[in-house]
Amino acid sequence: MATAKNAFSTPLNDKDPYIYQVGFGNGFASEAIPNVLPVGQNTPQKNKYGLYAEGINGTSFVAPRHENQRTWLYRMRPSVSHNGFNDAPENSFLESNFSPLNPKVHVSATQQAWHPLDIPSEKVDFVQGLRTIAGNGDPTTREGLAVHVYLANTSMGNKAFVNSDGDMLILPQQGRLDIQTELGKLMVRPGELVVIQKGLKFKITLPDGPSRGYIQEIYGSRYELPELGPLGANGLANVRDFEHPVASFDIDQSDWEIVYKVSGKLFVCTQDHTPFDVVAWHGNYVPYKYAMEKFIGVGSITKDHIDPSIFCVLTAKSKTPGIPLADFLIFSPRWDVANGTFRPPYFHRNTASELMGLIYGVYEGRSDSFKPGSISYETGFCPHGEYKKASEMELVPMRVHEGTLAFMFESSMPFGITEFAMKSEKRHEHEPGMWNDLRNNFIANIEQVNQDLKAAGLPEIKP
């Protein structure tokens with residue numbers, strides 16, 4: 001194995017042995033061996049060392065320049081060198097089509113929740129351990145998303161995965177993921193996110209043993225940084241904190257299998273060489289990771305609470321201008337100083353459907369038992385919130401979510417819930433009765449109401 005050394009990087013530590021290039025949306029260039037990249041062109045008649053040039057386009061050839069994503073790879077064997085495709089063993093827990101006509105997809109107006117799913121006792125790798133919880137749309141229409149969890153206890157070995165349907169945002173909750181991609185390696189721990197774009201090959205090794213985490217897969221869109229608007233040039237997720245791999249290659253001519261997901265169906269091909277043989281590459285279609293502890297939180301420093309969109313790390317556009325397909329929000333340690341204010345979570349109904357998870361810590365915005373690895377779901381306009389604690393607390397500057405990292409997948413489209421999730425023994429519905437003790441304070445204060453009405457020359461109210 002050889003890895004490039006001439007890259008900008010964040011400091012190395014004992015939990016992450018790799019180096020990275022930093023930025024978001026940049027055009028990068030990386031060589032594991034110096035002077036391999038062709039100069040002034042992409043496809044010379046002959047590449048150095050007889051390498052093959054291979055382009056990968058994440059967008060249409062004619063996408064506007066600021067949206068166009070592509071990378072050139074210079075590799076030992078081209079991807080076309082394999083033994084043909086066959087149906088792969090079915091993963092019955094994996095779902096991609098969330099059409100109302102799909103009998104395996106259910107709609108619920110009731111708030112749903114799931115305790116942490118157990119990692120199986122039998123051997124399962126990352127691909128075998130994918131479990132779809134909810135989603136909307138369909139990869140064949142190039143709009144929508146799917147939310148999965150992964151439950152893995154075995155490294156992938158000589159096996160790689162290609163998701164041809166959408167980009168995957170992966171959030172490990174238990175155990176690190178050592179991810180090898182065609183463009184290099186990333187070590188991703190709980191507290192970090194990683195995005196692997198559609199069409200890129202990768203494999204996952206489990207350095208800490210059994211691992212569990214969350215995934216949001218988006219169809220027909222890509223993750224972007226949200227606009228900052230009046231915040232100006234800085235804040236939220238900083239561009240320089242996103243880390244991309246550097247070129248790294250193996251020399252391995254043993255047998256491999258590559259699993260492809262195409263329109264929700266799994267296929268497999270075999271080949272007599274590693275897919276991780278890229279000696280150099282350049283482009284802007286590159287996996288990346290981000291440490292969510294680096295997020296720059298903002299909030300009210302006077303009164304009231306700003307909408308939760310201020311906690312958005314990444315967003316993905318829908319086909320409707322101004323409306324996101326998906327927003328990825330996090331709730332992490334911060335100060336709450338709003339004065340004379342009913343501090344969140346206040347009662348609210350909003351157009352977005354919400355699916356929430358917990359990476360670590362204790363999230364105070366939940367009324368039920370919500371442990372790391374849990375899932376909570378609320379459809380659009382489903383009322384939710386809290387009253388008693390927020391109405392009686394002492395309003396002093398305070399730290400909230402200390403030692404905690406929670407997140408939310410929001411979508412402008414309603415979620416369908418998979419049959420697997422609905423029938424899971426870990427599912428439990430939110431108890432509607434938890435709010436039944438909210439008394440009618442208006443009627444309890446009717447005497448004062450009538451005094452005020454009388455003083456204003458208005459007729460009294462008879463309850």
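Provide the FRET efficiency to the nearest 0.05 for the Ser121-Thr141 pair, computing r from the beta carbons and using R0 = 35 Å. Kindly include the intermediate steps, with their values, before the conclusion.
Numbers: r = 38 Å, r/R0 = 1.08.
That gives a FRET efficiency of 0.40.
Angle, helix 446-455 long axis vs. longest principal axis of the chain, Cα atoms, 0 to 90°, nearest 10?
For helix 446-455, the angle is close to 70 degrees.
Compute the accessible area per residue over the chain, keeping the other protein chains in place, probe 1.4 Å, unit Å².
Result: 48 Å² of accessible area for each residue.
Excluding same-chain residues fewer than 8 positions from Lys303, which aspartates and glutamates have a Cα within less than 18 Å of its Cα?
In chain and number order, the partners are Asp336, Glu392, Glu394.
At 7 Å along the Cα-to-beta-carbon direction for both Thr43 and Ala109, put a label point, then send me their distance in nm to one decimal.
5.6 nm
How large is the charge dipole for the range 348-463, taken about the Cα centre, if only the Cβ atoms of Lys, Arg (+1) and Asp, Glu (-1) carry charge, to the nearest 20 debye? Don't skip to the answer; put the middle values down first.
Working: 12 positive and 17 negative charges, 15 e Å.
The calculated dipole for the range 348-463 is roughly 80 debye.
Treating the beta-carbon of each Lys and Arg as +1 and of each Asp and Glu as -1, no other charges, what is the dipole magnitude of the range 258-389 about its Cα centre, to the nearest 20 debye? Write out the running numbers ahead of the final one.
On the way: 14 positive and 12 negative charges, 37 e Å.
Dipole size: approximately 180 debye.
Determine the calculated [θ] at 222 nm for the chain from helices alone, applying -39500 (n - 2.57) to every DSSP H run no shorter than 4 residues and normalising by the residue count; nearest 500 deg cm²/dmol.
Working: 4 runs with 24 residues, N = 463.
After summing the helix terms and dividing by the residues of the chain, the value is -1000 deg cm²/dmol.
Calculate log10 I(q)/I(0) of the range 118-202 for q = 0.16, 0.18 Å⁻¹, where I(q) comes from the Debye formula with a single equal point scatterer on each Cα and nothing for solvent.
Calculated log10 I(q)/I(0) at the listed q: -0.68, -0.86.
Take the Cα of Asp250, step 7 Å along the line toward its Cβ, and report every residue of the range 57-100 whose backbone nitrogen sits under 15 Å from that point.
76-77
To the nearest µm²/s, what D does Stokes-Einstein give for the range 231-288 at 25 °C and 0.890 mPa s, using the Kirkwood radius over alpha carbon pairs as Rh?
D = 163 µm²/s.
Provide the net charge surrounding Val105, with neighbours chosen by a C-beta distance below 9 Å and charges set as Lys +1, Arg +1, Asp -1, Glu -1.
My count for the surroundings of Val105 gives -1.
Rounded to the nearest 20 debye, what is the charge dipole size of the chain about its Cα centre when +1 sits on each Lys and Arg Cβ and -1 on each Asp and Glu Cβ?
For the chain, the charge dipole is close to 720 debye.
Considering only protein heavy atoms and a 1.4 Å probe, what is the carbon-and-sulfur percentage of the accessible area of the chain?
Ligands and nucleic acids excluded, carbon and sulfur reach 53 percent.
Determine the distance separating the Cα centre of the range 307-373 from the Cα centre of the range 417-463; give it in Å without decimals.
Taking the Cα centre of each part, the range 307-373 and the range 417-463 sit 23 Å apart.
Computed FRET efficiency, Cβ-Cβ of Gln448 and Ala233, R0 51 Å: what is it to the nearest 0.05?
Given R0 = 51 Å and the Cβ-Cβ separation, E is 0.55.
Could you tell me how far the Cα centroid of the range 244-288 sits from the Cα centroid of the range 66-132, in Å?
Result: 17 Å between the Cα centres.
Compute the length gained on full extension between Leu458 and Asn68: take 0.36 nm times their separation in residues and subtract their Cα-Cα distance, giving the result in nm to one decimal.
Details: separation 390, 0.36 × 390 = 140.40 nm, distance 6.50 nm.
Gain on stretching Leu458 to Asn68: 133.9 nm.
Can you pick out the pairs among Lys185/Lys426; Lys104/Lys265; Lys104/Lys159; Lys159/Lys423; Lys185/Lys294 whose Cα atoms lie more than 24 Å from each other?
Flagged as over cut-off: Lys185/Lys426; Lys104/Lys159; Lys159/Lys423.
Counting other Cβ atoms within 10 Å, keep those with at most 13, restrict to DSSP loop, and tell me which GluC sites (Glu not before Pro) in the range 117-195 are left.
Sites meeting the loop and neighbour criteria: Glu122.
What is the ratio of the Cα radius of gyration of the chain to 2.2 N^0.38 Å, with N the residue count, to two decimals?
Compared with the compact-globule rule of thumb, the chain sits at 1.09.
Place +1 on the Cβ of every Lys and Arg and -1 on the Cβ of every Asp and Glu in the chain, take the dipole about the Cα centre, and give the residue among Gly157, Pro78, Ser211 whose Cα lies farthest towards its positive end.
Farthest along the dipole direction, towards plus: Pro78.
Pull up all non-local amide H partners of Leu236: gap of 5 or more, or a different chain, and H-to-H distance under 5 Å with H placed in the peptide plane.
Here the answer is Ile296, since their amide H atoms fall under 5 Å of that of Leu236.
Find, among the GluC sites (Glu not before Pro) in the range 225-281, those assigned to loop by DSSP (not H, G, I, E, B) with at most 13 other beta-carbon atoms within 10 angstrom.
Glu227
Among Gly137, Pro120, Leu186, whose Cα projects farthest towards the positive end of the dipole of the range 66-188, with charges put on the beta-carbon of Lys, Arg (+1) and Asp, Glu (-1)?
Leu186
Listed highest first by mean packing, meaning other Cβ atoms within 10 Å per residue, what order do 86-96, 156-166, 231-241 come in?
Going by the mean number of other Cβ atoms within 10 Å, highest first, we get 156-166, 86-96, 231-241.
The values are calculated or read from the model by the stated rules, or taken from the named source; none is laboratory data. It should be emphasised that the depicted structure is a prediction, and the values quoted were computed from it without experimental measurement. Here Cβ is always computed from backbone atoms with ideal geometry, including for glycine, and neighbour counts include all displayed protein chains. Surface accessibility is based on the protein's heavy atoms, side chains included, excluding ligands, DNA and RNA. Shrake-Rupley method; radii C 1.70, N 1.55, O 1.52, S 1.80 Å.
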